[in-house]
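Colleague: Before I ask anything, here is the structure I am working with.
Please treat every number below as a calculation from the coordinates, not as lab data. What you are looking at is a predicted structure, and each value in this text was computed from that prediction instead of being measured. We place every Cβ from the backbone using ideal geometry, glycine too, and count neighbours over all the protein chains shown.
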Amino acid sequence: MRSFPVNTLPVRRLGRAELAAERAIEARRALSRCCLCAHRCGVNRNAGETGLCHAGPAARVFSAQTEVTDELQIVPTFAIALSGCDLRCAFCITGRESWNSRAGRFLDSEEMARRATAALRDGARSVMILGGEPTVFLPDALEIAARLPDFAMLVWKTNGHGSPEALRLLDGIFDVWVADYKFGNDACAERLARVPDYGRTVRGNLQWAAEHTDLIVRHLLMPGHLECCWKPAAEWLARHLPGVKVSLQSAFWPAWKSASHPELRRSCSAVDTKRAFELARNLSLNLVS
Amino acid sequence: MKAGEDPHPSSRSNQSCSCELLILPGGKILAQNVTPAMARLLSDVDPANDAMRLRADITRTESKHEFTPGN
């Protein structure tokens, strides 16, 4: 019998599917003291307790279809949208489902993975898991990933408000991250999305994602928020993540509870849109469409 | 607005398709959750819109079937 010195024992590397399966089990256990997002409520979701997101242990899906709305790098994408979110953005275009983790139908991970695999076979370029905020149901997202072929391009579309624990569970699973950088200051984040300490959390997560994934940072230009949100966000990106792909979304849609904020009752003006893109070019941001 | 059946091959896994359009007073159309078929339709409505044309072109390249009215 051949023996090996300990430091040269052959190591079997896990494929992504196997890794995701292991992480899914760990994420499921983590719901017993849920700290998946930066709110860190610590409730036992497996026992029926709920935190700020009001999410229980079982994920629901409110949309699953092939779409081409997103960034060209990833479309057509089979987009799986999970209900529930840890933020409360007044302007959310899927507010009805994102604010309600019980919207939609129960997720059958195996069935969803079959549909996603079929979509890939039929021409979809990627599979995207989004919300709401998919971190809320990280175990289920990982269970889907565990059932997808290793060659599939997996996309994680996130609000960037996950905890370090969530990042560790996500590491190495998703090829592309599309992460929001919504607010350039904490005051707007508190007022419009009821989230404290937004900047520190999201900027830290964006830096992590830039090092661990193929990152696309998305900013939704909002009427009246060019100077207070886009400008500081753009300047931070230029300084701290030079060259990162930036997707500047200019088609603001006054949805959900936007009307409760006067400046959000309209779409962006052509003037503001032009100024926003000029700023991006002046900062040499790597804009993608 | 429900798009109903989307004949793009990658949409065969869609059990039902849904996308939303918001038509602003000035005639500008905002679209979300755009399916391949809707991208082609919107590109035909506004051929000058590069963003939608690129997305429609991707779906034409990927599509094995052509959608024709009445099919």
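Colleague: Assigning unit charges at the beta carbon (Lys, Arg +1; Asp, Glu -1) and nothing else, what dipole magnitude in debye, to the nearest 20, does chain A show about its Cα centre? Provide the component values of the computation, followed by the final result.
Modeller: Values: 37 positive and 31 negative charges, 38 e Å.
Once rounded to the nearest 20, the dipole reads 180 debye.
Colleague: At q = 0.19, 0.21, 0.32 Å⁻¹, what base-10 log of I(q)/I(0) does the Debye formula yield for segment A:132-173 when every alpha carbon is treated as an equal point scatterer in vacuo?
Modeller: Relative scattering, expressed as log10 I(q)/I(0), comes to -0.56, -0.68, -1.36.
Colleague: Can I ask one more? Given the options A:P196, A:P139, A:P262, state which has the largest fluctuation in a GNM of chain A using a 10 Å cut-off (strictly under) for Cα springs.
Modeller: Comparing A:P196, A:P139, A:P262 in a Gaussian network model of chain A, the most mobile one is A:P262.
Colleague: Please report, in Å, the Rg and the Dmax of segment A:67-170, where both are computed over Cα atoms only.
Modeller: 13.4, 38
Colleague: Still on this model: Calculate the spin-label point distance for A:A58 paired with A:D214, positioning each point 7 Å from the Cα along the beta-carbon direction, and give it in nanometres.
Modeller: Calculated label separation equals 3.6 nm.
Colleague: Evaluate the Debye formula for segment A:23-63 with equal point scatterers sitting on the alpha carbons, no solvent, and hand back log10 of I(q)/I(0) at q = 0.20 Å⁻¹, in q order, two decimals.
Modeller: Normalising to I(0) and taking log10 leaves -0.57.
Colleague: Follow-up. If one computes P(r) from the Cα atoms of segment A:161-219, what percent of pairs lie at distances over 18 Å? Please list the in-between numbers first.
Modeller: Details: 566 of 1711 pairs.
Percent of Cα pairs beyond 18 Å in segment A:161-219: 33.
Colleague: Where in segment A:94-199 are there trypsin sites (Lys or Arg not before Pro) that are in a DSSP coil and have at most 15 other Cβ atoms within 10 angstrom of their Cβ?
Modeller: On the way: sites: A:R96, A:R102, A:R105, A:R114, A:R115, A:R121, A:R125, A:R147, A:K157, A:R168, A:K182, A:R191, A:R194; in loops: A:R102, A:R125, A:R147, A:K182, A:R194.
Within segment A:94-199, the qualifying trypsin sites (Lys or Arg not before Pro) (loop, at most 15 other Cβ atoms within 10 Å) are A:R102, A:R194.
Colleague: Peptide A:71-77: average number of partner chain Cβ atoms within 10 Å per residue? Can you show the working numbers first?
Modeller: Working: counts 0, 4, 0, 0, 8, 13, 1.
For this peptide, the per-residue mean of nearby foreign Cβ atoms is 4.
Colleague: Follow-up question, since we're still on this one. Once you have the Cα-Cα distance between A:N282 and A:A47, take 0.36 nm times their residue separation minus that, and quote the gain in nm to one decimal.
Modeller: Details: separation 235, 0.36 × 235 = 84.60 nm, distance 5.20 nm.
Taking 0.36 nm per residue and subtracting the Cα distance, the gain is 79.4 nm.
Colleague: Rg to Rh for segment A:246-289: what is it, with Cα atoms only and Rh by Kirkwood?
Modeller: Values: Rg = 12.4 Å, Rh = 11.7 Å.
With Rg and the Kirkwood Rh in hand, the quotient comes to 1.06.
Colleague: Which values of log₁₀ I(q)/I(0), to two decimal places, follow from the Debye formula for segment A:51-125 at q = 0.27 Å⁻¹ with a uniform point scatterer at every Cα?
Modeller: Here the Debye-derived log intensity ratios amount to -1.15.
Colleague: Which of the trypsin sites (Lys or Arg not before Pro) across segment B:13-60 are loop residues per DSSP, with 15 or fewer other Cβ within 10 Å? Can you show the working numbers first?
Modeller: Values: sites: B:K28, B:R40, B:R53, B:R55, B:R60; in loops: B:K28.
Counting only loop positions with at most 15 other Cβ atoms within 10 Å, the trypsin sites (Lys or Arg not before Pro) in segment B:13-60 are B:K28.
Colleague: Return one quarter of the surface area of the convex hull spanned by the alpha-carbon atoms of the protein assembly as shown, equal to its mean projected area, in nm². Don't skip to the answer; put the middle values down first.
Modeller: Details: hull surface 84.2 nm².
So the mean shadow area of the Cα hull is 21.0 nm².
Colleague: How big is segment A:192-266 on each of its three principal axes, counting only the C-alpha atoms and giving the largest first in Å?
Modeller: The Cα atoms of segment A:192-266 stretch 38, 25, 20 Å along the principal axes, largest first.
Colleague: When the chain is fully extended, how far beyond the present Cα-Cα distance does A:E26 get from A:E111, taking 0.36 nm per residue of separation? Can you show the working numbers first?
Modeller: Details: separation 85, 0.36 × 85 = 30.60 nm, distance 2.17 nm.
Full extension from A:E26 to A:E111 adds 28.4 nm.
Colleague: Let me know the whole percent of all Cα-Cα pairs from segment A:160-289 that are separated by more than 23 Å. Please list the in-between numbers first.
Modeller: Working: 2684 of 8385 pairs.
I get 32 percent for the Cα pairs in segment A:160-289 exceeding 23 Å.
Colleague: Too long at a 18 Å Cα-Cα cut-off: which of A:K231/B:K28; A:K257/B:K28; A:K231/A:K274; A:K231/A:K257; A:K157/A:K231? Provide the component values of the computation, followed by the final result.
Modeller: Values: A:K231/B:K28 26 Å; A:K257/B:K28 22 Å; A:K231/A:K274 13 Å; A:K231/A:K257 24 Å; A:K157/A:K231 23 Å.
In this structure, A:K231/B:K28; A:K257/B:K28; A:K231/A:K257; A:K157/A:K231 exceed 18 Å between Cα atoms.
Colleague: Hey, can you grab everything whose amide H is under 5 Å from the amide H of A:S247? Only 5+ residues off in sequence or another chain; H modelled, so Pro and N-termini drop out.
Modeller: A:V217, A:R218, A:H219, A:V288
Colleague: While we're here: Averaged over B:19-27, how many beta carbons belonging to a partner chain fall within 10 Å of each residue's beta carbon?
Modeller: On the way: counts 5, 4, 0, 6, 0, 4, 0, 2, 0.
Averaged over the peptide's residues, the number is 2.
Colleague: What does the convex hull of the Cα atoms of segment A:1-133 come to per residue, in Å³, rounded to a whole number? Present the calculation step by step, with values, prior to reporting the outcome.
Modeller: Working: hull volume 24.8 nm³, N = 133.
For segment A:1-133, the hull spanned by Cα atoms encloses 187 Å³ per residue.
Colleague: Looking only at other chains, what is the average number of their beta-carbon atoms within 10 angstrom of each beta-carbon in A:57-68?
Modeller: Average neighbour count from other chains, rounded to a whole number: 6.
Colleague: Taking the Cα centre of the protein assembly as shown as the origin and placing charges on Cβ (Lys, Arg +1; Asp, Glu -1), which of A:S289, A:A90, B:A48 is farthest toward the positive end of the dipole?
Modeller: Result: A:A90, furthest along the dipole toward the positive end.
Colleague: Is segment A:112-213 rounded, prolate or oblate when judged by the Cα gyration tensor, a ≥ b ≥ c being the square roots of its eigenvalues, rounded requiring a/c under 1.5 and prolate requiring a/b larger than b/c? Provide the component values of the computation, followed by the final result.
Modeller: Details: a/c = 2.36, a/b = 2.10, b/c = 1.12.
Verdict is prolate for segment A:112-213.
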